[in-house]
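Right, one structure below, let's go through it.
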Amino acid sequence: MNVTPKIAIDSRALKREIDNRGVTAVAKDLKTLWYKTKDAVNYKWDNCEIKVSNIFGECFAVQFHVENGEGSVSMWNENGQVSLDSYKIRNDKFLDYARMVEIMENWTRGIVPCSKCGRPFKYHERENRTMFAGVFCEECWENGMRKEAGSWTND
């Protein structure tokens with residue numbers, strides 16, 4: 001039987017762990033847990049399936065970027081199709097935690113931040129204003145992102 005494993009940590013637990021133990025230790029432990037889970041079900045792909053869940057239990061894909069106790073967490077919707085944001089971690093403190101929670105709550109209501117300016121807009125109104133996993137508000141799309149996207153869109 002083929003299954004796709006994932007591990008998910010509650011966003012509040014993630015913040016608490018980073019604030020108490022540091023981002024390097026938490027990222028390392030989550031990656032170790034991922035590989036143990038992957039190996040347990042004989043999952044053949046190496047892409048990491050670490051998720052963060054919000055208070056509603058909805059999961060979001062995350063990737064840690066860590067160097068010398070500082071770094072960031074990038075976040076996408078669960079299947080990785082939509083880039084939602086990136087959050088700073090400095091001196092092992094999750095500085096952008098409140099913003100991460102807001103973005104997760106907005107996603108459950110169908111609202112995403114523009115990948116260029118950060119302004120929230122309704123995801124279903126994006127009208128092919130996408131490039132890779134980025135989504136753009138109409139203003140940013142018309143003021144340069146359409147041209148930059150070029151042949152990568154359906155436009």
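Where a number appears in this text, it was derived from the coordinates with a stated rule and is not lab data. All values reported here derive from a predicted model rather than from experimental measurement. Neighbour counts run over all protein chains shown; Cβ positions are idealised from the backbone, glycine included.
Laid out as a table, the results:
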item: Where Asp85 falls short, out of the listed (1) within 17 Å of Asp10 (Cα to Cα); (2) of a type outside the set (Gly, Ala, Ser); (3) in contact with a Lys or Arg (Cβ under 8 Å, 6 or more places away or on another chain); result: (1)
item: Test: residue in the stretch 5-14 that is in contact with a Phe, Trp or Tyr (Cβ under 7 Å, 6 or more places away or on another chain), part of a loop (DSSP other than H, G, I, E, B) and surrounded by fewer than 17 Cβ atoms within 10 Å (Cβ to Cβ); result: yes
item: All positions within the stretch 101-155 that are in contact with a Ser or Thr (Cβ under 8 Å, 6 or more places away or on another chain), closer than 29 Å to Asp10 by Cβ, surrounded by 19 or more Cβ atoms within 10 Å (Cβ to Cβ) and of a type in the set (Val, Ile, Thr); result: Val135
item: Strands (runs of 3 or more DSSP E) lying entirely in the stretch 37-155 (those with 2 or more residues that are without any contact (Cβ under 8 Å) to a residue 60 or more places away in the chain, polar (S, T, N, Q) and closer than 16 Å to Ala27 by Cα); result: 70-77
item: Total residues in the stretch 47-60, condition out of contact with any helix residue (DSSP H, G or I) (no Cβ under 8 Å at 6 or more places or on another chain) and farther than 18 Å from Arg12 by Cβ; result: 1
